[in-house]
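What follows is calculated from the coordinates using simple rules that are stated; it is not laboratory data. A quick note: this is a predicted structure, and the numbers were derived from the prediction, not measured. Cβ coordinates were reconstructed from backbone atoms using ideal geometry, including for glycine residues, and neighbour counts include every protein chain displayed.
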Amino acid sequence: MKKTLIALAALAAAGTAFAQSSVTLSGSINVGVMDTGAANARAVVSHLGNGANAININSVEDLGGGLRGGFTGQIRFNAASGDMNSTNGGGTALFHAANAYISGGFGTIRAGKIIEASTCGLDPWACRGGAALQAGVGIANQANVSGLTAAGTQANSVSYTTTNFNGFSASYQTTLSDRVNERQVLSLNYAKGPLTLLAMDVKSSGTNVATESVGSNTAAGSGGDSSKHTAVGGSYNFGVATISVVNSVSKSNAVAALNKDVVSVGLTAPMGAYTLLAGYNKDSKAAADKDTLISAGVNYALSKRTTLGADVFKNEALTTSAGKAGTGFVIRVGHTF
């Protein structure tokens, strides 16, 4: 009996050594006081950037032979209220992302609820609300001269991401649900040295035309509209500053307000603990008094994890004759763990 127990213990130890696994918990919070600049608006405590207020859970297991398997999950919350804050559930979904994956030399395959690729990586504010070029004031309302393409979360999805080939990579994601309201996202990427390039193509079929937006998935509806969103952009790090340029185009067959052609130009300039931010958006499809966003800001790094910041911005989409001229500000703090 004693020998049997020793043998079983040895087998268990060998299995543990073969299938090593780990779980990582991380997250971030970005919150501040913001006046949007809209008519009759007042400064209020606001959460800044949906994906910038989240708890991430990631597990990975070594399956041997170069294979790995695991789970990726994200819980999003409203930093101002503490409430859950996820799409595909009216803000009440427990997990904004929840998917299983297998990866190896062939790339990575995922299935479940998956966050889309997006243009956020070319935004000086990294889509953290307020002055951001790709997801600024009114993150859920793309009428505010936003250049955001994709970045939604898709339930009932599968995706494939290639390995990195000398800086090149690609990903494709598609929903497989009721076969009526489906969405596909193709992303082509290059990142090597100071140069980053991005091309995206997003197609939605049969979306709910009343609620569709460029940057977020919508609830399934009976609408027969189809839409297409594309983005091409890149950034270059000159050492003293990084300059980014993105062109985001949205075309809808049924809702004219969803048609956009936004050019975004961004600047990030590090100066010790300070980082200067600047940006300009122009929507050629919008009316002349609703087509421009101008932003400027500064970050101050208190540590590697905690940052103070302040921004000012003028968003012409918020200009009304009865109220303000669309000029707002943000005073913010961010922390990662």
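Observations on the model:
- Over 31 Å (Cα to Cα) - which of Lys113/Lys290; Lys251/Lys304; Lys251/Lys314; Lys113/Lys285; Lys192/Lys282; Lys113/Lys282 fall in this group: Lys113/Lys290; Lys251/Lys304; Lys113/Lys285; Lys113/Lys282
- Ordered by the number of other Cβ atoms lying within 10 Å of each residue's own Cβ, fewest first, Met271, Met34 fall into the sequence Met271, Met34.
- Unit charges on C-beta of K, R, D, E only; dipole of region 25-336, Debye: 240 debye
- Residues Arg68, Arg76 in ascending order of nearby Cβ atoms (within 10 Å, fewest first): Arg68, Arg76.
- Measuring how big region 232-337 is from its alpha-carbon positions, Rg and Dmax come out at 16.5, 49 Å.
- Going from the residue with the fewest nearby Cβ atoms within 10 Å to the one with the most, Cys120, Cys127 rank Cys120, Cys127.
- The convex hull of the Cα atoms of region 25-336, projected and averaged over all directions, covers 16.1 nm².
- In region 25-336, taking the dipole from charged Cβ atoms about the Cα centre, the farthest positive-side position among Val202, Thr161, Val240 is held by Val240.
- Residue ranges 100-110, 305-315 sort as 305-315, 100-110 when ordered by packing (mean number of other C-beta atoms within 10 Å per residue, highest first).
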